[in-house]
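Visitor: Can you keep this structure in mind? I'll have questions shortly.
What follows draws every value from the coordinates through simple rules; no lab data is involved. In this text, all values refer to a predicted model and were calculated from it rather than measured experimentally. Every residue, glycine among them, receives a Cβ derived from its backbone with ideal geometry; neighbour counts consider all protein chains shown.
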Amino acid sequence: MNALRQDTDYTTEDIYALPDGKRAELIDGQIYYMAPPNTNHQRLVMNFTYSIEGYIRNKKGGCQEAPDWVIEIVSPGSRSMDYYKKLIKYRTAGVREYWVTDPEKKW
């Protein structure tokens, strides 16, 4: 499933009102529907989560504002959004590091 752009401006309330199991992202008032992640995608998420969580626990730190570092795991249907649109949004928000992990390209 590709991320589909809608013509209406949406809010976080619209995202929270989506039916259970419906996955979407809200960017600039637009909802982008997403396909469920595959097993490889989920495995990468878990590996990053365990590593980062351990580091944060040891440092007793966290995130109070925009994070310094964001890792995006690319999905086939959101490739363009992950590489371009999100990069610009995160940079504007003050994120210093934006890493793109692309399972299809193995990097």
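Visitor: Would you tally the residues in segment 38-50 being of a type outside the set (Phe, Trp, Tyr), farther than 16 Å from Lys105 by Cα and in contact (Cβ under 8 Å) with a residue 12 or more places away in the chain?
Guide: Looking only at that region, the number is 1.
Visitor: Of the residues in segment 42-88, how many are loosely packed, with under 15 Cβ neighbours inside 10 Å, basic (Lys, Arg) and within 15 Å of Ile27 (Cβ to Cβ)?
Guide: Result for segment 42-88: 0.
Visitor: Residues in segment 12-24: is at least one in contact (Cβ under 8 Å) with a residue 24 or more places away in the chain and on the phi < 0 side of the Ramachandran plot? Break it down into steps so the answer makes sense when it comes.
Guide: Within segment 12-24, the subset in contact (Cβ under 8 Å) with a residue 24 or more places away in the chain is none.
For segment 12-24, residues in contact (Cβ under 8 Å) with a residue 24 or more places away in the chain and on the phi < 0 side of the Ramachandran plot: absent.
Visitor: Then there's this: Please enumerate the residues belonging to segment 76-107 that are aromatic (Phe, Trp, Tyr) and in a helix (DSSP H, G or I). Steps first, answer last, please.
Guide: Our first condition is that a residue be aromatic (Phe, Trp, Tyr); within segment 76-107, this holds for 83-84, 90, 98-99, 107.
Tyr83, Tyr84, Tyr90 - these are the residues of segment 76-107 that are aromatic (Phe, Trp, Tyr) and in a helix (DSSP H, G or I).
Visitor: Would you point out which residue out of Tyr32, Tyr50 is farther than 21 Å from Lys85 by Cβ and either hydroxyl-bearing (Ser, Thr, Tyr) or under 16 Å from the mean Cα position of the chain (by Cα) (or both)? Can you show your working first?
Guide: On the way: Tyr32 fails: farther than 21 Å from Lys85 by Cβ.
Of the residues listed, the single one that is farther than 21 Å from Lys85 by Cβ and either hydroxyl-bearing (Ser, Thr, Tyr) or under 16 Å from the mean Cα position of the chain (by Cα) (or both) is Tyr50.
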